[in-house]
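Notes follow once the structure below has been shown.
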Amino acid sequence: MGHPCLFRKTGSSIAASLAALVWLGALGASPAHAASDRGTFSIVAYDSVTQELGVAVQSKYFSVGTDVPWAEAGVGAVATQARVDPSFGLKALGLLRGGLRAADVLRALAATDSVWDSRQLGIVDARGSVANWTGSKCLDWAGGEAGVDFVCQGNILAGPAVVSGMAKAYREGKGEMAERLLAALDAAQAAGGDKRGMQSAALLVVRPSAARPQFTQRYIDLRVEDHKTPIKELRRLLQIQEGFHGADNHFFYADEYMAAGRADLATRERERAAEILHGALARGERDASMLNGIAWACATHDLFLGDAVRAAERAVSLEPRNVDILDTLAELYFRQGTQAKAIEVESRAATIDPKSQYLKDQIERFRKGGRD
């Protein structure tokens, strides 16, 4: 059952597609023997507020994240699966970068592919248009569903409820894109998922940033290569990623939004950071380095200091001789106005590392009452 989710061509898109065929020809058509059949379910999405693009995928196949998900901020996101050809990810992003819309990219790829009826793809571009394709030779059950700013697709599935459940969960989901994508995978698995079982999963989110250009390729890039419950493991990895990097990243975007005069979006980013902090405290997080990372991000932005102190105190209780963690707690005490406690904790750190000029400078700063 071949059922593309495509859109009517305009004259300009026809010309663009013809140009794309020349471009694809230069790369070379995808040979049938270079691909292999793989059962997979995935979701590809775009967030019009944050400009994030993302892909989440699960399969009873080793290292599905190597081949299926592709994304570039300001360009688009792609899932290439079934008789997967990983080069379609690169080719599709190249075509999107050249100005084609999602549906025209599918047409361009189809025109040079000798086994198109065995392919399955989902594409969303950075303008929010979407398209997906399930070839008639994809293994049953196979199909897809398009929504506003997202597409879901899968093959070798337990049934159509896998895809419809995935779409419903994403559509009704709350929070940031990564959480909504994982919720979609959870719903797909709850509906039966890949009927062969579970093995690997991946989550890729990209986001525009001039100051941190690495985010255009990898804002969140997590993979579970081989695991009995890969989606659950992917969620655990996301919690770690959020702890080590997420709060700081949200504060970074909050500052960018404030500079651009978007206080509403800045507030939203700060709320995301608070959610990470409160989540770590609520689950009794015992990774001292993670707690320290969240607490330090809060300290340097003078936000959520009370709860950040709780996180830092817990981190110190877990690693009482960790100088970096002691320094974070001292900084938080100082920013709360408890100068004596800040000096006491920093002095404790200095006895552990008496040669550190930084710690000596911190103690002197605390005594003088300066923030910088």
With contacts defined as alpha carbon pairs under 8 Å and 6 or more residues apart, what's the relative contact order of segment 245-368 in percent? 17
Top positive-direction residue, dipole computed over segment 245-368 with Cβ charges, set Asn292, Ala274, Val309: Val309
Can you tell me the relative contact order of the chain? Whole percent, Cα pairs under 8 Å, sequence separation 6 or more. 13
Under the Karplus relation 6.51 cos²θ - 1.76 cosθ + 1.60, θ = phi - 60°, what is the ordered set of whole-Hz ³J(HN,Hα) values for segment 152-160, x standing for Gly and Pro? 10, 7, x, 9, 6, 9, 5, x, x
Global geometry of segment 194-328, whether rounded, prolate or oblate, following the gyration tensor of its Cα atoms and the 1.5 cut on a/c: oblate
For segment 11-228, shape from the Cα gyration tensor axes a ≥ b ≥ c, cut at a/c of 1.5 then a/b versus b/c, turns out oblate
Listing Lys91, Lys228, Lys60 by rising number of other beta-carbon atoms within 10 angstrom, fewest first, gives Lys228, Lys60, Lys91
I need the phi-derived Karplus couplings for segment 218-230: 6.51 cos²θ - 1.76 cosθ + 1.60, θ = phi - 60°, integer Hz, Gly and Pro marked x. 8, 8, 10, 9, 10, 9, 10, 7, 7, 7, 5, 10, x
Taking the Cα atoms of the chain alone, what are Rg (to one decimal) and Dmax (as a whole number) in Å? 23.9, 74
Inter-label distance for Phe62 and Arg262, nm, one decimal - labels placed 7 Å from Cα along Cα-to-Cβ: 4.3
With θ taken as phi - 60° and the coefficients 6.51, -1.76 and 1.60, list the Karplus ³J(HN,Hα) couplings across segment 133-141 in order, rounded to whole Hz; mark glycine and proline as x. 9, 10, x, 5, 9, 5, 6, 5, 7
Please label the shape of segment 69-127 as rounded, prolate or oblate, based on the square roots a ≥ b ≥ c of the eigenvalues of the alpha-carbon gyration tensor (a/c under 1.5 means rounded; beyond that, a/b larger than b/c means prolate, else oblate). prolate
Segment 281-362: Rg to Rh, with Rh as the Kirkwood radius over Cα pairs: 0.95
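Every number here is computed from the coordinates shown, using simple stated rules; none is lab data. Being a predicted model, the structure only gives us computed values, none of them experimental. All Cβ positions, glycine included, derive from the backbone under ideal geometry; neighbour counts span all protein chains shown.
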